[in-house]
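The values are calculated or read from the model by the stated rules, or taken from the named source; none is laboratory data. Being a predicted model, the structure only gives us computed values, none of them experimental. Cβ coordinates were reconstructed from backbone atoms using ideal geometry, including for glycine residues, and neighbour counts include every protein chain displayed. These accessible areas exclude ligands, DNA and RNA; they are computed on the full protein's heavy atoms, side chains included. Shrake-Rupley method; radii C 1.70, N 1.55, O 1.52, S 1.80 Å.
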Amino acid sequence: MYLQKVEMIGFKSFAEKTVLEFLPPSNKSKGITAIVGPNGSGKSNVADALRWVLGEQSAKLLRGKKAEDVIFSGSEKRARSGFAEATIYLNNEDGKVPIEYSEVTITRRIYRDGESEYLINKTKVRLTDIQLLLAQAQFGARTYAVVGQGMADAILVASPAERKDYFDEAAGVRQFQLKRNNAVSKLDQTRENLNQADLLLAEIEPRLRSLARQVKRLEDRDRLEEELHAVSHQYYGRLWRELKAQIDYRQGAVAKLEEAWKGKEAVLQEAQAELARLAGAEETAAKQDDQLTALQSEYEKLVEEKSRLRSREMEIRSQMEIAEQVRKKTATVLPLSKIIETVGEVGTKQGTAIDQLRSAGSLDEAKATVPAFEAVRASAMTLRDRLERPAVEETAPVAHDPAVLKELEGVRAALVAIDQKTRAAQANIADYGRDERTKKSQFFQLQRGLQEKINSAHELERQLGNERVEMARLDTRREALEMEMGTELGERAEHAKQSYNPTAEGSTELWATQIQRLKYNLNLIGGIDPEVMKEYEETKSRHEYLLGQVTDLKAALADLDKVITDLDTTIKQRSEAAFRQINRDFDRFFKLLFGGGNAELVQMREEPPEEDEAKEGEISNNRILAPSGVPAKAGNQQGLKMPHGVSDQIVGIDIIACPPGKKIKNIAMLSGGERTLVSIALVCSILVSNPSPFVVLDEMDAALDENNADKYARIVAELAEQTQFIIVTHNRYTMNRANVLYGVTMREDGTSQLLSVNLDEVNTLKNQNQKQKVAV
């Protein structure tokens, strides 16, 4: 696998689309590409673009303050860009990148609003996906694959723990570490999920127990309801049969009475016909009553005529008597003198009585005057009577009028005739009465016979009516029973009517008691929502699911522990093998660059806590780093305390470098050039141990003199047999070893521009020219 080309647009000073193409590897070399140019022209921006597209997140390492600083910010002659984008094209014909493409493109894009995108072969992915992919291909943004300005020395000044990351990458265990980190993350997540599952189980179990009790009660309720239905079946079945028997009996009685009624109905019709005949007889009697009325009217007329004649007789006789009395007495009028005298006497008596009343001094005396006043009153009344009825005088007999006498005789003769007629009318009325009494006696006797027949028919009708009323009552009971059976038994009511077992033991009273007891027990259980069973099943299913999840999570924990253990073993084995090789190559390159001396890498292991310092139940947070397999003296040279025992956990890498003729206790005492040479030796040893598909070196040889620069160039040429190099340099020795030169210049508008030269073609043309000169 090798880097085919790099595309940039809007990235830092490369505002326009810029493409750097690299030569394919040959049998002798993977290729060296040198990027040259004056200071500030934008050479290092190429290295920054490569680091950025590989997933670098630190703005400081990209020589900025924030993520948006990688976008072209504009100049006086050119507007700023809205986004920055960089793409690398990797040839993957050897399949080193675990993806089914012969060419892999990795693109990173960022906008001014802070939104960023990662793409693999134009498909959006996550940063984690890119990091894992690069780790499997054994290179990345924060490793030796891209060594920026000043980063060579950063390896030396880094802490042992930070330095360890470079060696992990060199050992090719980065992918396993990522997998281990993912496994640890999954382990923590699994533990968290297990805790949540336990909490959910702790929350669900009380509810499940409560629902189980309710379901048990619901099952008891179902059992009681089944028993209630069975007892109700027998109870209502017997009631129905008994009621049906009563109805059948009543229906038979009604049928018999109806037959009897049909026989009585003919007799009743005959009686009604006889009554009709009697009614006709009554009409005849009514006509005869008219005759009686005529007799009575005639009798009354005779009586009235007789009464008139007697009245006339009395009048005549009265006239004759009056005339006789007038003859006997003649009335005499009281003289006026007598009247005056009598009035004077009355006045005198009255005056006397008034004087007595006036002179009375008391009530008793006033009362004593009452007789005087009464005497006055009596005198006045006597005078009045004499004035009204004068006295009668005796006279001679007077002769009566002959016409009056004749009329009197005629009246008396008429009275005699009227008396005869009246007696004859009374005799006729008496005869009619005797005939009527005889007829009525016969009528009443016939009527009594008919009445007896009617009463007999009515009695039968009454009995029939009573039976029908009883039948209606039974029908009402049947309807009520059917309604009650429908309420209590529902659809099983018809089954209870038809499949009743008459031989079943028990009575309706006993069954009624059992029904009441069962209903009471059901009331004690209370109403339970039928959805409880559904909720119970759901809760139980969820509980079982959670139990299964807990089991699976525990199994997953065990599997993850095993995976982590296996990864730790793999990491340890590969790290130790790679470390030994890197240590040998580091010493070899160190001696090559320095012409002698000694260099060594030391693994720092974690010191367990002192037994006398660690208290029971406590964990010591004090961790001391000590070199592995190094004598105490070497450890003391690093200012480290040697522990009594050393654990297997490697937490850092220390560097021991001693140039020839010097005794250096700490690499911080090296000069700048020496530190650069040590860094070069370290990077080269890593590249030999685990070659990266390509390496970017940004002015790593800036601090070297010509002699060391030549050595550096020879080492790079040697390593180029296994690794593709992109070098940003000012050194002519390095340029001389390059296959392609890219020159970077700065335009007037503040953007960078590339110029390229294929040195292999130049050398070929140069050799051809020399051969031509020799031939001439």
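Numbers for the structure displayed
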| read-out | value |
| --- | --- |
| FRET efficiency for Asn466 and Ala266, using Cβ-Cβ distance with R0 set to 25 Å, rounded to 0.05 | 0.65 |
| Surface per residue (accessible, 1.4 Å probe) for the range 658-755, Å² | 38 |
| Cα-only radius of gyration and Dmax that characterise the range 1-55, units Å | 12.5, 37 |
| Reduced Cα scattering model of the range 159-211, Debye log10 I(q)/I(0), q = 0.21 Å⁻¹ | -0.80 |
| For q = 0.22, 0.25 Å⁻¹, Debye-computed log10 I/I(0) when each Cα of the range 80-127 counts as one equal scatterer | -0.77, -0.89 |
| Met533 versus Val550: modelled label distance in nm, points set 7 Å from Cα along the beta carbon direction | 2.8 |
| Full-stretch length increase - Asn27, Glu365 - with 0.36 nm per residue and alpha-carbon distance subtracted | 102.7 nm |
| Ratio of the Cα radius of gyration of the range 400-476 to 2.2 N^0.38 Å, where N counts its residues | 2.78 |
| Nitroxide proxy distance, nm - points 7 Å out along Cα→Cβ at Glu407 and Ala424 | 2.8 |
| Potential lengthening between Glu479 and Arg517 on full extension [0.36 nm per residue; Cα-Cα distance subtracted] | 11.1 nm |
| Restraint check, Lys591/Lys663; Lys534/Lys554; Lys216/Lys540; Lys96/Lys591, Cα-Cα greater than 22 Å | Lys534/Lys554; Lys96/Lys591 |
| Potential lengthening between Asp188 and Ser337 on full extension [0.36 nm per residue; Cα-Cα distance subtracted] | 36.8 nm |
| Value of D in µm² per second that Stokes-Einstein yields for the range 1-98, Kirkwood Rh from Cα pairs, at 20 °C (1.002 mPa s) | 144 |
| Ellipsoid equivalent to the range 538-588 - semi-axes via the Cα gyration tensor, in Å | 47, 7, 4 |
| Euclidean distance between Cα centres, the range 453-491 to the range 37-79, Å | 109 |
| FRET efficiency, Asp435 to Val303 (Cβ-Cβ, R0 30 Å, nearest 0.05) | 0.85 |
| Estimated FRET transfer efficiency (Arg80, Val125; beta-carbon r; R0 30 Å; 0.05) | 0.60 |
| Too-long pairs where the Cα-Cα distance tops 31 Å, listed order kept, from Lys65/Lys665; Lys5/Lys711; Lys28/Lys65; Lys65/Lys164; Lys43/Lys572 | Lys65/Lys665; Lys28/Lys65; Lys43/Lys572 |
| All Cα pairs of the range 644-701, percent lying beyond 14 Å | 68 |
| Cα-projected label distance for Ser507 with Asn181, points at 7 Å along beta-carbon direction, nm | 9.1 |
